[in-house]
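Written below as structure tokens is the structure these notes are about.
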Amino acid sequence: EHGQETLDAFFGSL
Amino acid sequence: MLEARLEQSSVLKKVVDAIKDLVQDCNFDCNDSGIQLQAMDNSHVALVAMHLKTEGFALYRCDRNIALGINLVSLQKVLRAAQNEDVMTLKAEDSPDALSLVFENSENDRISEYDLKLMDIDQEHLGIPETEYGATVKMPSAEFQRICRDLSLLSESVAIEATKEGIKFSCTGDIGKGAVTLRQNPNVEKPELGTTIELQEPVALTFSLKYLVNFCKASGLSNTVTISLSNEVPLLIEYEMEHGYVRFYLAPKIGD
């Protein structure tokens, strides 16, 4: 089953 | 203080309907550009960004930035009391502990006044980078909703491939597999029924259908949906309104 990424890996928190 | 009037309560009712199953508590940030919201689901896999622009309000006054910490389930309970055609006025003091909502019917013979308690929500804000997407697909929102619903019955994940031929949604599950391909078809007479693809480069990514089906609750906001994809970056799904938008970002599934 594919591994689900999270958005934290792509969007930096301000 | 904030004073904002919508000619149609249905605008806010539909937006809350579209996002209440993805996020529970969020800040409605009121500033001079209108009312904005950005929130992630608990697993940080999806993010919703909403903007109701000032131009969409019959009257809009916001002296300084106000964050309205709202539980969407509670807000929806209050909004149920508003008829779609009612004029809705939102009011709040600076650093408020409650939001006042007033609904007036078109015959002007019924006025409803509610106060919704506000919460302190310290929400981290994410920086969403401006992205040049490899593929941008515009299609009927009902079409996208149907494809997501149909394929979600076969699998948890959908592979989305955009090429110059078209966009292909395919999945494999225990009972079998399925694929839907939409070819480029601008449909000149009724553009909102067409499918257009702007391709910078072919893209292929895999996403969770559970989230896509959830996002499709926003289909009532617009006849069309715009899907923006680039390899190895989150998917952007946008429902454009007359004076604003609801956008969903979804992190991809990185397969073997």
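One line per residue, one yes/no per condition, for (1) of a type in the set (A, V, I, L, M); (2) modelled with pLDDT of 95 or more:
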{"position": "B:Tyr60", "(1), (2)": "no, yes"}
{"position": "B:Leu68", "(1), (2)": "yes, yes"}
{"position": "B:Val73", "(1), (2)": "yes, yes"}
{"position": "B:Gln76", "(1), (2)": "no, yes"}
{"position": "B:Ala92", "(1), (2)": "yes, yes"}
{"position": "B:Asp122", "(1), (2)": "no, no"}
{"position": "B:Leu126", "(1), (2)": "yes, no"}
{"position": "B:Ala142", "(1), (2)": "yes, yes"}
{"position": "B:Arg149", "(1), (2)": "no, yes"}
Count of residues meeting criterion [part of a loop (DSSP other than H, G, I, E, B) and more than 16 Å from the chain's Cα centre (by Cα)] in the range B:1-43 = 8
task = Provide a single number: the residues in the range B:35-47 that are touching a residue at least 24 places away in the same chain (Cβ under 8 Å) and more than 11 Å from chain A (Cβ to nearest Cβ).
result = 2
task = Out of B:Ile167, B:Ile128, report the one residue that is within 14 Å of chain A (Cβ to nearest Cβ) and either within 22 Å of B:Thr226 (Cα to Cα) or more than 24 Å from the chain's Cα centre (by Cα) (or both).
result = B:Ile128
query = Just to be sure, is B:Asn31 out of contact with any helix residue (DSSP H, G or I) (no Cβ under 7 Å at 6 or more places or on another chain), surrounded by fewer than 22 Cβ atoms within 10 Å (Cβ to Cβ) and modelled with pLDDT of 95 or more?
reply = yes
inquiry  = Please return the ranges of strands (runs of 3 or more DSSP E) entirely within the range B:46-135 where 3 or more residues are under 20 Å from B:Val246 (Cβ atoms).
reply    = B:46-53, B:66-71
query = Do the conditions hold for B:Glu238, that is, is it acidic (Asp, Glu) and crowded, with 19+ Cβ neighbours inside 10 Å?
reply = yes
query = Among B:Val158, B:Val137, B:Val203, which is surrounded by 19 or more Cβ atoms within 10 Å (Cβ to Cβ) and in contact with a Gly (Cβ under 6 Å, 6 or more places away or on another chain)?
reply = B:Val203
inquiry  = Restricting to the range B:131-164, give me the number of residues that are within 14 Å of chain A (Cβ to nearest Cβ), within 12 Å of B:Ser228 (Cβ to Cβ) and aliphatic (A, V, I, L, M).
reply    = 1
inquiry  = One residue is enough: does the range B:232-254 have a residue meeting the conditions at pLDDT 95 or above, in contact with a strand residue (DSSP E or B) (Cβ under 7 Å, 6 or more places away or on another chain) and farther than 29 Å from A:Ala9 by Cβ?
reply    = yes
inquiry  = Among the residues in the range B:105-124, are any within 30 Å of B:Glu192 (Cβ to Cβ) and either crowded, with 19+ Cβ neighbours inside 10 Å or under 20 Å from the mean Cα position of the chain (by Cα) (or both)?
reply    = no
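The values are calculated or read from the model by the stated rules, or taken from the named source; none is laboratory data. The shown structure was predicted, so the numbers you read here are calculated from the model rather than taken from an experiment. Note: ideal-geometry Cβ built from the backbone for every residue, glycine included; neighbour counts use all protein chains shown.
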